[in-house]
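The values are calculated or read from the model by the stated rules, or taken from the named source; none is laboratory data. Predicted, not measured: the structure shown is a model, and the values here were computed from it. FYI the Cβ positions are ideal-geometry reconstructions off the backbone, even for glycines, and counts take in every protein chain you see. These area figures cover heavy atoms from the full protein model, side chains too; ligands, DNA and RNA do not enter into them. Shrake-Rupley method; radii C 1.70, N 1.55, O 1.52, S 1.80 Å.
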Amino acid sequence: GVTRLLLTRIPFFKEIIVSSFSCDSCSWSNTEIQSAGRIQEQGVRYTLAVTSRQDMNREVVKTDCATARIPELDFEIPAFSQKGVLTTIEGIIDRAVAGLEQDQPLRRATDEEVAGKIDEFIGKLRQLKEVNSPFTFIIDDPSGNSFVENPHAPRRDDALVVTHYRRTPQQAAVLGLEGEEVDAKPPEAAEDLRDEVLQFNTNCPECNAPASTNMKVVQIPHFKEVIIMATNCDSCGHRTNEVKSGGAIEPQGTRITLQITDPSDMTRDILKSETCSVEIPELEFELGMGALGGKFTTLEGLLKDIRDLVERNPFTLGDSSVPSRTGKLQEFIGKLQEVNGKTKAHFIMDDPAGNSYLQNVYAPEEDPELKVERYERTFQQNEDLGLNDMKTEGYEPEGASGR
């Protein structure tokens, strides 16, 4: 016979290898799948509430080390009992039925009672395909390479729950992995969040319709962790994103000065916290603390946001503007657009909390165009950050120590 191999990518999942064998003599054919990637850092569990016939057509990638279960029938397909397969939920039930029917003629001849019970169970499996009543389909894969289709992707599927978990030492041993021992120190919860996109319900700030906010912890090289939050509204299409510092307030403030000398400087990554102010001395421009909120973008993107902030203000360039002020602001916007590396200028970020960042393209070496200064905060800056009244030692009530 002939075996054909195809490397393909499943949308919103990963690459897999599909192998198909066919025999011209007896017309027998078989299809298997293998993961084209490595074993994932965490295992995965998909829990799907099947409520309609359309759910039976969802694509499923089931690796050979995955376990499939239907709790309502107390039915389980153990790991390594089948080859990896790319099929549908209906196809997995059909394969289970075919496997149970395979030895039924022999069972009927040797043990008619057992054969009758299996026939009864096969009937229950076939009734599941009609979805006369809802049931739960669960795939548990310690390798993290199985998959159940989300037909609403990239939006969330309310019927599908995806859970990532850390493998037990026994599961790691079954997969042939080394370095995961029984007495290994469990990782901290913060480390688990680095690879997770957390989602929680909220309301759209524009139309107040129910929406969802995604939150992700990101490690910025040569800096620290930050939290990126993004909200998308399906009703009005509004999108917003915000960046929060993932660490504590630094002991000292930070003043970052970049001399823009080349167009490539506009592509530098910038983390501007909500406590950071921005200044461009050549334009006599200063953006105060709190304006634009937290941003994780490029220098070009931040300058564009500043330009939009000025243009969209009705009191500066709208119907409520004063003609004399409008001319000055139009002139300022023109100069701001010229700050693209061809016109030299200084870009200054002053963050008393020390949680802002400007990319050093020569890292870990020093950047000749970038200057980072650390300074002691004034009393007023500590007051603005709420640090003067913050008590971190001896705050427990006297009665607490006696308990």
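Here are a few things to note about the model shown:
- Residue, nearest to residue 358 (Cα to Cα), within the stretch 275-314, restricted to residues that are among the acidic types (Asp, Glu) and in contact with a strand residue (DSSP E or B) (Cβ under 8 Å, 6 or more places away or on another chain): 279
- Among residues of the stretch 265-282, those that are open to solvent by 30 Å² or more (accessible area, probe 1.4 Å) and assigned to a strand (DSSP E or B), counted: 2
- Output for the stretch 266-293, where each listed residue is β-branched (Val, Ile, Thr) and under 16 Å from residue 256 (Cα atoms): 270, 275, 278, 280
- Subset of the stretch 361-386 that is of a type in the set (Lys, Arg) and not in a loop (DSSP other than H, G, I, E, B) - its residue that is surrounded by the fewest Cβ atoms within 10 Å (Cβ to Cβ): 374
- For the stretch 61-77, taking the residues that are at pLDDT 90 or above and surrounded by 19 or more Cβ atoms within 10 Å (Cβ to Cβ), the one that is nearest to residue 129 (Cα to Cα) is identified as 70.
- Residue 45 being under 29 Å from residue 135 (Cβ atoms) and of a type in the set (Lys, Arg): yes
- Residues of the stretch 41-60 satisfying the condition of being open to solvent by 40 Å² or more (accessible area, probe 1.4 Å) and basic (Lys, Arg): 45, 53
- Looking across 240, 231, 257, one residue alone is outside any loop (DSSP other than H, G, I, E, B), open to solvent by 30 Å² or more (accessible area, probe 1.4 Å) and in contact with a strand residue (DSSP E or B) (Cβ under 9 Å, 6 or more places away or on another chain). It is 240.
- Selection of strands (runs of 3 or more DSSP E) fully inside the stretch 113-217 by the criterion of at least 1 residues being at pLDDT 80 or above and open to solvent by 60 Å² or more (accessible area, probe 1.4 Å) returns 160-165, 197-203.
- Scanning the stretch 88-98 for residues that are over 15 Å from residue 138 (Cα atoms) and either in contact with a strand residue (DSSP E or B) (Cβ under 6 Å, 6 or more places away or on another chain) or open to solvent by less than 40 Å² (accessible area, probe 1.4 Å) (or both) gives a single hit, 97.
- Residue 304 outside any loop (DSSP other than H, G, I, E, B), farther than 21 Å from residue 333 by Cα and open to solvent by 20 Å² or more (accessible area, probe 1.4 Å): no
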